[in-house]
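The values are calculated or read from the model by the stated rules, or taken from the named source; none is laboratory data. Worth saying up front: this structure is predicted, and the values here are computed from it rather than measured. Neighbour counts run over all protein chains shown; Cβ positions are idealised from the backbone, glycine included. Please note that ligands, DNA and RNA were not included when accessible areas were found on the heavy atoms of the full protein model with its side chains. Shrake-Rupley method; radii C 1.70, N 1.55, O 1.52, S 1.80 Å.
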There are 2 protein chains.
Amino acid sequence: MRRLAALRQRLLDLELDGLVVTSPENIRYLSGFTGSLGYLVIAGDAAEILGDSRYWLQMEAEAPAFRLMPSGPSHGLWALVAERIKALGLRRVGFESQHLTFDQHQRLSSALPPEPTLVATASLVEELRIVKEPEEVELLRAVASIAGRAFDRVRAAIRPGLRERDVAFLLEQTFRELGADGPAFETIVAAGERGALPHGRASDRVIQRGDMVVVDFGATAAGYHSDTTRTIVVGEPTPEQARVIEAVRQAQLASMALMKPGETADAVDRRAREALAGEEHAYGHGLGHGIGLQVHERPYLSPTDHTALRTGMVITNEPGIYVPDWGGVRLEEMVLITDTGPEVLTSASWEIGVG
Amino acid sequence: MRRLAALRQRLLDLELDGLVVTSPENIRYLSGFTGSLGYLVIAGDAAEILGDSRYWLQMEAEAPAFRLMPSGPSHGLWALVAERIKALGLRRVGFESQHLTFDQHQRLSSALPPEPTLVATASLVEELRIVKEPEEVELLRAVASIAGRAFDRVRAAIRPGLRERDVAFLLEQTFRELGADGPAFETIVAAGERGALPHGRASDRVIQRGDMVVVDFGATAAGYHSDTTRTIVVGEPTPEQARVIEAVRQAQLASMALMKPGETADAVDRRAREALAGEEHAYGHGLGHGIGLQVHERPYLSPTDHTALRTGMVITNEPGIYVPDWGGVRLEEMVLITDTGPEVLTSASWEIGVG
C-alpha cells in the first residue's frame, strides 16, 4: 500500500480527486492484477478494479486490496468507469494521456455529465516506478542473471552454419529452462552486414566464419524484464572488428562511470557521444533506458531527458556503431544506480571470439 | 498496391486529402514494414514512410513502394509528420483515433498551423483487412496447421505430474520446430478449477489425474496468427465432464453452421447462446473474433456487431462454460467463410481423454 499512498499524495499535490489508470503495467504495479484488460479508479478513500467476467476470479485473487466492480455485456467498461466517477462524487479526475487513445477519451467524456472534469496527466504512476524498490531490484537481478547464464551456455554453441533464428530459439529455450517465463522481447541476432540494423530481428541468415554478430537478448519473469547486448565474432576478429568493438566498450565504460546519484540522464548520454565523436557511424538511438515492468521506461539516457539519477534506478547503457553494408557493434548492460556508484546487474561473457 | 488503391478510394469517399497511419499492423499491411516504430503518410499521389535511424535500412528493404522520410534526434517523428502534412499541402487529414493516444494527438495538432484539419477516422485500414486475400488465407492456414500438429504431438505427452507451464513450453517449442516464429499469444493451459479462469495463463499448477484442462494456443509466422482451443481430460472423463464438453461442442457446431455469406456476426453469436440457454455458467465473453495480422480483429461475433459475413473472412468460434471452483470448457476453431459455407482452418485432435 506504500505505492497507493504515494500516488494519493501526488493526486493531492495536483488537486485531483481521483485517477483512472488504464496502462496494464501501472495497473499491475498498483494492484497486483496481471491480466491484459481492466481499469483502476483510485480516489482518496477508494481503490476499485473494473473488469469483465473473464477476469473476475483473477482480479479477486491478485488484487485483494481493490474492490471489484464488474462490468457486463450490456454495460461496457467505459460506461462503468463513468458510473464509478459519478458514484464516488469525483469532480477533477486524472486520466493517463499517454495511454488513453483519442477514441477512449471521447467515449469516457461523452458518458460523463459536464461536471466532472477530465484532466490529462502524464507519467504519474511511471514517476513512482522510476526508482525501484529493493524487491524489484532483486527481480531484475534475477532475470538479468538468467539471461546471462543462458547466453554463456548458448555462446559455446554458436558456429558457422547455424541460422540467426536458431541462436535466438536456443537462447529463449534456455531462459525457460533456467526458470524465466520467456523472452522479454523478440531476441535480436544480427550477423554480418545485418548487424548494421539496430533492430534487426533474428532471420534465416546463416552465420558464416568471420561474421560479427550482435545478440540483444532479455528474459522476463514475474513481470520484470532484462536487456543485455553482446557482439561476438565467429572466428578470429579482424583488426577493424576488434577496433570498433573496443571503441564502443570504451564509450560504455566512460559513460557508465557517470551513472551515479546527482548526475543527469543527458550528461551520461553526452559522455558516450563525446567518446565516439571520431566515429562516422556512431549510433543515432538513445544511449539507454530505464527497465522494469516494461522493457523501455523512464528515464531515458538521451539529450532531451534531464532526469537527475537517483539510487534505485535501473537503466541500460548501450552505445553502438553501425556501418552500412559492413556490420554493427552494440554492447549493453543494465546498471543499478547506488549511493556508491554504478552496479552492473547483467552478466554474460565478454569474450569476443567464438566458434 | 491493390491495398493502397483501395485505401485511396476510401479517402476520396470521405473527402480526406490524406491519412496518417500509426498502427503497426496497418503499417505492415500497407507497406510491408515489419518494425515496431514508424508512421505512414498517405495521400492521393504520395506514399511516405517516416522513421528514425534505427529503421532506415529496414524500411528501404521492406517498404520499397514508400518514400523514406528520415527523422533525426533534433527532429522527432511527430514534428516530421506535421512537416510532411504541410509539405504535401494536405488540408483534411485523417488519423487513426483508435490508435493515436490523447497525447500524440495533442502533439500533432500543436505542431500544425490551424489550417490543416485533423479528422478522427476509425478502422479505415482495418476494414480493408477484414476480408483476407488468398495469400493471407494461405498464411493463416499454414500457422493453424503448425499449431494443430504441435498440439497433437504435445497432447500425447500430457500426464499427471507435469505443470501447466511445462505443457505451454512444449507447445511453443514445437511451434518453432515446425517452422513458426513463436507463439501468437501467451499460451493458456488451465487445469482443474483454474479452467474456470477464461484467461488463466499457464502456471506452476501440477496437472492431476481427473483434471479437465483448457489449452488455448496459437502460432505466428510472417505476421499472421492462429488461435485454437481444446479441452481435454487427464484420465477417464466423468459423466459431468463429458456432458459439459458435449454441450459446448453442440453450441459450436450449431453456430458454426451459420458462418456463411449473408448471415451477420450477431446472429452467429445468438445461435450459440441459445444453444447454451440452459447452462447456468455459459460464457460471458464474445463467441469469436476475426484473426489475421492481429490475434483479435474485426469482425467480432457478439451481440453488438452487425457485420454481414463475407467470403474471405476468417473468424474464430469459441463458446465455453466456466463453473467456479469446478473447472472450465472452451472449444475454439478458426473458420474461413466461403461461398459454400464455413471451412475450418484449425486442426487438432478432438479426442478428449489423455494420459
Compute, for A:ASP17, the solvent-accessible surface of its heavy atoms (probe 1.4 Å) with the complete set of protein chains present, and express it in square angstrom to the nearest 10. 50 Å²
For label points placed 7 Å from Cα toward Cβ, what is the shortest-first list of nm distances from A:THR311 to its copies? 7.2
Setting aside same-chain residues fewer than 8 positions from A:LYS132, which lysines have a Cα under 23 Å from its Cα? A:LYS260
Once B and A are treated as a pair rather than alone, how much accessible area drops out, both sides summed, in Å² to 100, probe 1.4 Å? 2900 Å²
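For region A:2-129, what does the relative contact order come out to in percent, with C-alpha contacts under 8 Å and a separation of six or more?
The normalised contact order for region A:2-129 reaches 26 percent.
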Report, for B:ASP152, each distance to the same residue's label point in the other copies, shortest first and in nm; define the point 7 Å along Cα→Cβ. 4.3
Residues hit by the 20 Å² burial cutoff in region A:63-101, accessible area with a 1.4 Å probe, assembly against chain on its own, are A:PRO73, A:SER97, A:GLN98, A:THR101
Along Cα→Cβ, 7 Å out, is where each label goes; now give me the distance between the ones at B:ALA87 and A:ASP339 in nm to one decimal. 5.3 nm
Label-to-label distance, nm, for residues given as A:GLU133 and B:GLU186 (7 Å Cα→Cβ offset): 2.0 nm
Could you give, in nm with one decimal, how far A:GLU133 is from each other copy of that position, shortest first, with labels 7 Å out from Cα toward Cβ? 5.1
Cut-off 14 Å between beta-carbons: net charge of the residues surrounding A:LEU293, Lys and Arg +1, Asp and Glu -1: -4
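Can you sort B:LYS260, B:LYS86 by 1.4 Å-probe accessible area, starting with the largest?
B:LYS86, B:LYS260
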Probe of 1.4 angstrom, ligands and nucleic acids ignored: what's the accessible area per residue over region B:97-233, in square angstrom? 35 Å²
Calculate the translational D of region A:134-354 in whole µm² s⁻¹ from Stokes-Einstein, where the hydrodynamic radius comes from the Kirkwood formula applied to all Cα pairs, the temperature is 4 °C and the viscosity 1.567 mPa s. 76 µm²/s
Using just the Cα positions, wrap the protein assembly as shown in a convex hull and report its mean projected area in square nanometres, one decimal place. 30.4 nm²
The percentage of the accessible area of the protein assembly as shown (probe 1.4 Å, all protein chains present) made up of carbon and sulfur atoms, to the nearest whole number, is 52 percent
Ratio for region A:119-247, C-alpha Rg to 2.2 N^0.38 Å, reads 1.21
